[in-house]
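Each remark here refers to the structure printed beneath this line.
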Amino acid sequence: KPIRIRDNISENVKIDLYKGGIFQATIDSSTESDGSYDWSIPADLPIGSNYKIQISSTADGSILDFSDANFDIVEQAFLTVTETSGLGSTLNISNFSFSGKEGDEGTFDVRLNEAPKSDVTLKFEPGKFLTLDADNDIRSGPQDSITFTGTNWNQPRTVSFIAEKDNSQNDRKSGNTINYVLSGELEGSGTYDLGTIANTYAPDNNNFNIELDFRTDYLGFWTPELREIAQQAADDWARLIANELKGLKLENQTIRPTTSRTEKGFEIETNQFVDDMVVFVSAYSQDKYSAWGDRDFGGDSQSEPLTRVGSMTVDSSEFTTPDSHATLYTNVSHEIGHMLGLVGNNEISAKLISEDGEYFTGKYTREFNGGKNLLLAEDGYHPDHSLESQMSYDYAGYIVTELDKRLLADSGYQVYDINVQNQPRPMSEFAKFLERERVDDSLAGANDIGTLSSNLQTFNGFMGSTDPRRDYYRFEVGSGGGTLELNLSALSGDVYAGLKNSQNEWIDDSYNSGTQTESTRVPLEAGTYYVGTFFRKNSEVKDTDYKLTLQLT
């Protein structure tokens, strides 16, 4: 760390370290007096306060001076504290914790060393790529100061900070300081210097990127494993998009993250660089909905037609086991879809909703839908629940679909293989796993039971988080036709049964509430048919055994 020296000594100087007025060690026995000395602080130097530097002439030891202010040695060598005026040993800084890496969060504790007679305020001013919270509580909003009183002066207050991502691929060697001013009965100022911040991030000018930022996770829900699943869900949208947006610097930008209906809203502040899009991700304790998400910046004007900042939160009580990881991926993907503008959720997409709110009229979506407008769900923000879309409630659980790609193109994006040539980047490993599950859950993965006859056939199965959320059975009806008798029983969840033809069109279904037996009788002509078993959307139980019987009479 640099020691700045201002003197009128022409010869070399000796530099010594003192603590509380007592000699500790010689830093250098002879060095040029050129205004600065680079001190490599020994790792075994005791942590403590009241340190000072003494310089003296090597020619005349009586010519000497001490540094103007005391300084502290803290637990890690990343932090250098420089007292610039008046404080001396008034402040105590301890428990400094920081990896030294770009994008990471750090903390330190601060308190007074003496009781004030009246309130004292400690105000912080961080560098341009640092974001600081003086009370280390994300939900209280951005705080830049601490007030010490005559009763709490000696209680350590934890300050948190984030070394934000910048637009460089190099280590950040400057601007990593936190200036502070003490006012009130005690006055003074100083600087915390974090030293060099190691680079971990560089803008990707060749691909669209959706970065996830977990600073709002006040519950500590998002483990490294869960973060990776969520990032893969984001990447599986980003890989489809050919746009490359102009870099955006969020400078003291206030964001109000999405919260559940059971939470009190709060604000955060950020100073980071955004390559294309960033999403702040958090979690809440419990709600009747699995997740919430929305745009925060961009997507609502001609000057910024696409989303740059979004936020989402998930119900932490629903995703506590590995069995729930697929559903977590789905919820993150669904909410990011909304942030990207699907459906009718940015200025471009909103103009394509019919006046009655029942249809989406986008060009690429209409082409994919046989030249017809796309039917929407009752709320007007989702495709009809019967459609195969990540944005459809009944279908959600898999990956971004061909329909979703068209919805994305109609929402203002350049989408590979839709309105831009070239193929998208490969899908994530988790998406590949879900695609295999999707096939198993689809007509293509149906259990083939052959030609149905008057002999009663019984099938015992299971649906749930460790197995497909729907099962299909494929059967043939011979030339004579007949009446299908279907019964679905032994249920522990709210499940219904449905019948489709070979064109994937619904023929009949049974919708009894709760765990009641589902049954139906329907005449069938010769052909290929599929019986499906499905969880109802709001079923509280997500795992169930079942007994399915089929007979043709």
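Just so it is clear, none of the values below were taken in a lab; they were calculated from the coordinates. Every value quoted in this text rests on a predicted model; they were computed, and no experiment measured them. Quick reminder, even Gly has a Cβ in these numbers, built from the backbone with ideal geometry, and neighbours come from all protein chains shown.
So, of the residues in segment 28-52 that are of a type in the set (S, T, N, Q) and not in a strand (DSSP E or B), which turns out to be surrounded by the most Cβ atoms within 10 Å (Cβ to Cβ)? I'd like the intermediate steps shown before the answer.
Narrowing segment 28-52 to residues of a type in the set (S, T, N, Q): 29-31, 33, 36, 40, 49-50.
Then drop every residue that is not not in a strand (DSSP E or B), which leaves 33, 40.
Values: Ser33: 19, Ser40: 8.
Only one residue fits best here, namely Ser33.
Could you list all residues from segment 414-442 that are surrounded by 14 or more Cβ atoms within 10 Å (Cβ to Cβ), farther than 20 Å from Thr330 by Cβ and out of contact with any helix residue (DSSP H, G or I) (no Cβ under 9 Å at 6 or more places or on another chain)?
Gln414
Among the numbered criteria (1) of a type in the set (D, E, K, R); (2) surrounded by fewer than 16 Cβ atoms within 10 Å (Cβ to Cβ); (3) part of a loop (DSSP other than H, G, I, E, B), which one does Asp394 miss?
(2)
Out of segment 478-498, which residues are more than 9 Å from Thr544 (Cβ to Cβ) and within 52 Å of the chain's Cα centre (by Cα)?
Keep residues of segment 478-498 that are more than 9 Å from Thr544 (Cβ to Cβ), which gives 478-489, 496-498.
Of everything in segment 478-498, those that are more than 9 Å from Thr544 (Cβ to Cβ) and within 52 Å of the chain's Cα centre (by Cα) turn out to be Leu484, Glu485, Leu486, Asn487, Leu488, Ser489, Tyr496, Ala497, Gly498.
State yes or no: is Ser10 assigned to a loop (DSSP other than H, G, I, E, B), within 18 Å of Phe66 (Cβ to Cβ) and among the small types (Gly, Ala, Ser)? Talk me through it step by step, then tell me what you get.
On the way: assigned to a loop (DSSP other than H, G, I, E, B): yes; within 18 Å of Phe66 (Cβ to Cβ): no; among the small types (Gly, Ala, Ser): yes.
So Ser10 does not fit the description; no.
Name the residues in segment 488-511 that are out of contact with any helix residue (DSSP H, G or I) (no Cβ under 7 Å at 6 or more places or on another chain), within 25 Å of Glu476 (Cβ to Cβ) and among the polar types (S, T, N, Q), would you?
Ser489, Asn501, Ser502, Gln503, Ser510
Could you tell me whether any residue of segment 124-138 is surrounded by fewer than 17 Cβ atoms within 10 Å (Cβ to Cβ) and small (Gly, Ala, Ser)?
no
Restricting to segment 346-375, name every residue that is surrounded by fewer than 22 Cβ atoms within 10 Å (Cβ to Cβ) and touching an Asp or Glu at 6+ places or on another chain (Cβ under 8 Å).
Initial filter on segment 346-375 (surrounded by fewer than 22 Cβ atoms within 10 Å (Cβ to Cβ)): 347-348, 350-359, 361, 363-364, 366-373, 375.
Passing the criteria: Glu347, Ile348, Leu352, Lys363, Tyr364, Phe368, Leu375.
Within segment 512-532, identify whether any single residue is closer than 30 Å to Ser290 by Cβ, surrounded by 13 or more Cβ atoms within 10 Å (Cβ to Cβ), in contact with a helix residue (DSSP H, G or I) (Cβ under 9 Å, 6 or more places away or on another chain) and in contact (Cβ under 8 Å) with a residue 24 or more places away in the chain, and answer yes or no.
yes
Return the only residue of Ile55, Ile63, Ile22 being among the β-branched types (Val, Ile, Thr) and exposed (fewer than 12 other Cβ atoms within 10 Å of the Cβ).
Numbers: Ile55 fails: exposed (fewer than 12 other Cβ atoms within 10 Å of the Cβ); Ile63 fails: exposed (fewer than 12 other Cβ atoms within 10 Å of the Cβ).
Matching residue, one of Ile55, Ile63, Ile22: Ile22.
Tally up the residues in segment 131-145 that are closer than 19 Å to Gln272 by Cβ and hydroxyl-bearing (Ser, Thr, Tyr), please.
Of the residues in that region, 1 qualify.
Applying the selection to segment 435-490, what residues are among the hydrophobic types (A, V, I, L, M, F, W, C) and assigned to a loop (DSSP other than H, G, I, E, B)? Full working, then the answer.
Filtering segment 435-490 down to residues among the hydrophobic types (A, V, I, L, M, F, W, C) leaves 439, 443-444, 446, 449, 452, 456, 459, 462-463, 475, 477, 484, 486, 488, 490.
Ala446, Leu452, Leu456, Ala490 - these are the residues of segment 435-490 that are among the hydrophobic types (A, V, I, L, M, F, W, C) and assigned to a loop (DSSP other than H, G, I, E, B).
Given the structure, is Gly412 in contact (Cβ under 8 Å) with a residue 40 or more places away in the chain, assigned to a loop (DSSP other than H, G, I, E, B) and not aliphatic (A, V, I, L, M)?
Details: in contact (Cβ under 8 Å) with a residue 40 or more places away in the chain: yes; assigned to a loop (DSSP other than H, G, I, E, B): yes; not aliphatic (A, V, I, L, M): yes.
Criteria met by Gly412.
Please go through segment 491-507 and pick out each residue that is surrounded by fewer than 17 Cβ atoms within 10 Å (Cβ to Cβ) and not in a loop (DSSP other than H, G, I, E, B). Break it down stepwise before answering.
Here is the first cut: in segment 491-507, the residues surrounded by fewer than 17 Cβ atoms within 10 Å (Cβ to Cβ) are 492, 501-507.
Residues satisfying the conditions are Asn501, Trp506, Ile507.
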